[in-house]
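A quick write-up on the structure given underneath.
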Amino acid sequence: MSLDRSQVETVAKLARLKVEDQELDNYVNSLNSILDLADQLQAVDTEGVEPLANPLDATARLRPDTVTETNQREKLQKNAPQAEAGLFLVPKVID
Amino acid sequence: MLDNFIAPYESTATQRLKDAGFVTLGKTNLDEFAMGSSTETSYYGATRNPWNTDAVPGGSSGGSAVAVAAGMAPAALGTDTGGSIRQPAAFCGITGLKPTYGRVSRWGMVAFGSSLDQGGPMTQTAEDAAMIMNTIAGFDPRDSTSMDQPTVDYTATLDQPLNGLKIGLPKEYFGEALDDGIRQAIMEAVKQFESLGATVKEISLPRTELSIPAYYIIAPAEASTNLSRFDGVKFGYRCDNPTDLMDMYTRTRSEGFGAEVKRRIMVGTYALSAGYYDAYYRKAQQLRRLIKQDFQAALADVDVIMGPATPSTAWNIGEKTQDPVAMYMEDIYTLSVNLAGLPGMSIPCGFKDGMPVGLQVIGNYFDEARLLNIGHQFQRATDWHSRKPNV
């Protein structure tokens, strides 16, 4: 399986990335060499093998639905690119 | 992406060290978002190997390995998603332990491959690693992947003799990819273990080579979802003057991430996209179970598995940056341990042309105490761990 330039651009768009024209060939080549490597998997017979999501076959633990953390909004928002009155500011979404 | 970020809270592992009286000297360099095997993808530039400053220190936890190898700190922490503790430990001639998945809390650690990530100690000796483990290991309700297992005194069993220890050598770890100098150093170490009373037999981990494609699907897939949080909204970098929301997301991420991170996000996004999920991610997870079963079968027969941590010693800076797949191939002996979730340790066992060689010891789930015991007994009988680079 091999990706062409427009497919790589589509994947970049899905990932919210923009690849500049001069970088595109480089990404096409490196992505294809990684996918060539990944294609080795296709030769393995995995019929009936249950996929392993957690190496210990553990599932996410549940906890009681109670408040465990204190409100630290101001401290946490210090890292925000733009925040005001406790809100995260982003470019206008709705006209 | 996180240059301006100040962590608003302490990680569990570092908090436990602080509570025990450890002093933090600083934060160390690593590959950007831990994606790399050489510390060259760091936003802050490459770290150099103290044994030869033209060579890479390994990665991703290269800065931690160098801090310990060069004597700047007695111990450091690293994280290991596919070898990022063990490989730099091997390249820099120190002891590095990747514990069992879930043994050390990941609260406060940047998420890369959530089903693979684990933090652990990087130290000058196995004994030091045992003391760090006594402090950082254990259940943490704040980490949903933390395993609620009894805590262990890792120092209590360090002095146990190795009489009767059953060691397995996977034949796939000694194939053509392995450098002859490393093979020689590993076999010398194995002889040392025999003289300490261990018995050695050949075993097979038949899907070792397939761990590379399986890992390089699973890890990027999980990374692509984990790194979706870097969108310029709540923390981290944001591009200048975004025109709308999509422009903000796209430029923030394109400007804020380096090339290797972008490459892996794209591989992961593709592997998880509609129509390709079954062929890539699900297939890789099926293979992952087979790899785990291979280890379980081997560990039913032997106590630990030994082999090289890396197929070659540290390469030169710039040598493999143009070909990501060539760099990925260097991870062949470490990736499968993360896929299976087992503990693995690298200890120094010799040199090849002046560069350190690491012996990898892989144990059963939650058997870190045995690995550290083995490391300590080896380090009592040899002095590789006390060799220091001229810095």
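The values are calculated or read from the model by the stated rules, or taken from the named source; none is laboratory data. It should be emphasised that the depicted structure is a prediction, and the values quoted were computed from it without experimental measurement. Cβ sites come from the backbone with ideal geometry, for glycine too, and all protein chains shown count toward neighbours. Only protein heavy atoms, including side chains, enter the accessible area calculation; ligands, DNA and RNA are left aside. Shrake-Rupley method; radii C 1.70, N 1.55, O 1.52, S 1.80 Å.
Brief remarks follow.
- Index of the failed condition, residue A:22 passing every other in (1) within 8 Å of another protein chain (Cβ to nearest Cβ); (2) within 20 Å of residue B:258 (Cβ to Cβ): (1)
- Here residue A:80 fulfils each of the conditions (1) at the interface with chain B (Cβ under 9 Å from one of its Cβ atoms); (2) touching a helix residue (DSSP H, G or I) at 6+ places or on another chain (Cβ under 8 Å); (3) aliphatic (A, V, I, L, M) apart from (2).
- Subset of segment B:316-328 (residues that are in a loop (DSSP other than H, G, I, E, B) and touching an Asp or Glu at 6+ places or on another chain (Cβ under 8 Å)): B:317, B:318, B:320, B:321
- Residue that is surrounded by the most Cβ atoms within 10 Å (Cβ to Cβ), among those in segment B:272-291 that are over 21 Å from residue B:207 (Cα atoms) and more than 7 Å from every other protein chain (Cβ to nearest Cβ): B:272
- Residues of segment A:53-95 satisfying the condition of being of a type in the set (Lys, Arg) and either within 16 Å of residue B:232 (Cβ to Cβ) or in a loop (DSSP other than H, G, I, E, B) (or both): A:61, A:63, A:78, A:92
- Pick from segment B:197-231, criterion out of contact with any helix residue (DSSP H, G or I) (no Cβ under 8 Å at 6 or more places or on another chain) and assigned to a helix (DSSP H, G or I), ranking: nearest to residue B:327 (Cα to Cα): B:226
- Residue A:39 falls short on exactly one of the conditions (1) within 30 Å of residue B:216 (Cβ to Cβ); (2) within 7 Å of another protein chain (Cβ to nearest Cβ), and that condition is (2).
- Every pair of residues 6+ apart whose Cβ atoms lie under 7 Å, when the first sits in segment B:44-72 and is within 21 Å of residue B:328 (Cα to Cα) while the second is of a type in the set (Lys, Arg) and assigned to a loop (DSSP other than H, G, I, E, B): B:57/B:48
- Enumeration of residues in segment B:68-81 that are open to solvent by less than 10 Å² (accessible area, probe 1.4 Å) and out of contact with any Pro (no Cβ under 6 Å at 6 or more places or on another chain): B:68, B:78, B:80, B:81
- Looking across B:195, B:211, B:228, B:144, one residue alone is surrounded by fewer than 16 Cβ atoms within 10 Å (Cβ to Cβ), among the small types (Gly, Ala, Ser) and more than 30 Å from residue B:251 (Cβ to Cβ). It is B:195.
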